[in-house]
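As structure tokens, the structure follows; a few thoughts come after it.
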Amino acid sequence: MAEPVIRIMDLWKNYAEDGAGVPALRGTNLEIKKGEIVALFGKSGSGKSTLFNLIAGLDRPTKGRIEVEGQDLEALGESGRTMLRRLKLGFIFQFFNLLPTLTVFENIFLSLELAHRTEPELAFKALKEVGLEGKEQRFPNELSGGEQQRVAIARALVKRPSIILADEPTGNLDTITGNQILELLTRRCHEFGTTLIMATHSPLTCNYAKRILRMVDGIVTEETSCEETAH
Ligand SMILES: Nc1ncnc2c1ncn2[C@@H]1O[C@H](COP(=O)(O)OP(=O)(O)OP(=O)(O)O)[C@@H](O)[C@H]1O
Ligand SMILES: [Mg+2]
């Protein structure tokens, strides 16, 4: 059996430094295998974004262990975590998070540069893959919401990361556009063998994921079907 691409053991996060208050993560465990396409459902405040930030090494746990491709994030140190993030992880957010003063092309190219790749043709190819050929020189505010999200997908995919973390990737889109985005994102991840975790409130996402997880009060559990998610 191959090593899981993400392994989480007894993970705790308490934002209050004095340990007061309710922890955002409460000793959760999780294993994700290479190439899995996963939906993580959970109410607002259940801890989904907290979990993503910890997996990405943007924040550190209060207790517990996270391994990404077999590497213990704590042992990597700050610079090791930054390298891992730039080389191995892609992010997609609800509000796209494109840099407004950079063109579509430049937004993609920056992600490549941070991963030590400088081939402009890779950026053009990534934009073509999401159907945005010809819009390379536009600025983000000259695109529709769905188009901006496609730029965000291209930016995540361009460096061929092993993992993409998508936090409410369709939260800001209408149903039809949301479906198109999920179709595109999951198809590309499947094609490239990219592991995809989508944190979401939206039942739409269920149809595109092979595995359904639920986060309740800082603990992740396995869900067997989509039905329970539709509330
Ligand atoms: N930087 C922070 N400082 C203090 N508390 C925080 C911080 N970020 C999140 N929290 C708290 O941690 C808990 C989990 O928040 P988190 O953002 O992970 O939830 P979520 O599942 O992503 O919610 P949503 O669906 O609304 O995005 C919440 O109680 C929240 O108030
Ligand atoms: Mg969140």
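Sparsely packed loop sites in the range 143-227 (the trypsin sites (Lys or Arg not before Pro) outside DSSP H, G, I, E and B with at most 15 other Cβ atoms within 10 Å) comprise K210. Taking the longest Cα principal axis of the chain as reference, the axis of helix 120-129 is set at about 80 degrees. With 0.36 nm allotted per residue and the present C-alpha distance subtracted, the K135-L76 stretch has 17.4 nm of extension available. Ligands, DNA and RNA left out, the accessible area of the chain computed with a 1.4 Å probe is 52% carbon and sulfur. By the Cβ rule of 4.7 Å, the chain holds the following cysteines without a possible disulfide partner: C189. Fully extending the segment from S44 to R211, taken as 0.36 nm per residue of separation minus the present Cα-Cα distance, adds 58.1 nm.
In plain terms, the chain from R60 to A20 could stretch by 12.7 nm, reckoned as 0.36 nm per residue minus the Cα-Cα distance. Taking one quarter of the surface of the C-alpha convex hull of the range 23-141 gives a mean projected area of 9.2 nm². What is the list of residues in the range 154-184 whose amide nitrogen lies under 17 Å from a point 7 angstrom out from the Cα of K125, following Cα to Cβ? Under 17 Å, as judged by backbone N against the label point of K125, lie 154-162 of the range 154-184.
Starting at 0 and stepping by 10 Å, how many percent of the alpha carbon pairs of the range 152-231 end up in each bin? Per 10 Å bin, starting at zero, the Cα-Cα P(r) for the range 152-231 comes out as 17, 51, 29, 3 percent. Whole percent per 5 Å bin, from 0 to the bin with the longest distance: what is P(r) over all C-alpha pairs of the range 119-196? Per 5 Å bin, starting at zero, the Cα-Cα P(r) for the range 119-196 comes out as 3, 16, 28, 26, 19, 8, 1, 0 percent. Once you divide the Cα radius of gyration of the chain by 2.2 N^0.38 Å, the number left is 1.00. Per residue, the range 1-118 exposes 50 Å² of solvent-accessible protein surface, assessed with a 1.4 angstrom probe and all protein chains in place.
Taking only the alpha carbons of the range 78-129, we obtain Rg and Dmax values of 11.8, 34 Å in that order.
Mean residue ellipticity at 222 nm, helices only, the chain: -10500 deg cm²/dmol; runs of at least 4 DSSP H residues each add -39,500 (n - 2.57), and the sum is divided by the number of residues.
The values are calculated or read from the model by the stated rules, or taken from the named source; none is laboratory data. Model, not experiment: these values are computed from the prediction. All Cβ positions, glycine included, derive from the backbone under ideal geometry; neighbour counts span all protein chains shown. Just the protein is used for accessible areas: all its heavy atoms, side chains included, with ligands, DNA and RNA removed. Shrake-Rupley method; radii C 1.70, N 1.55, O 1.52, S 1.80 Å.
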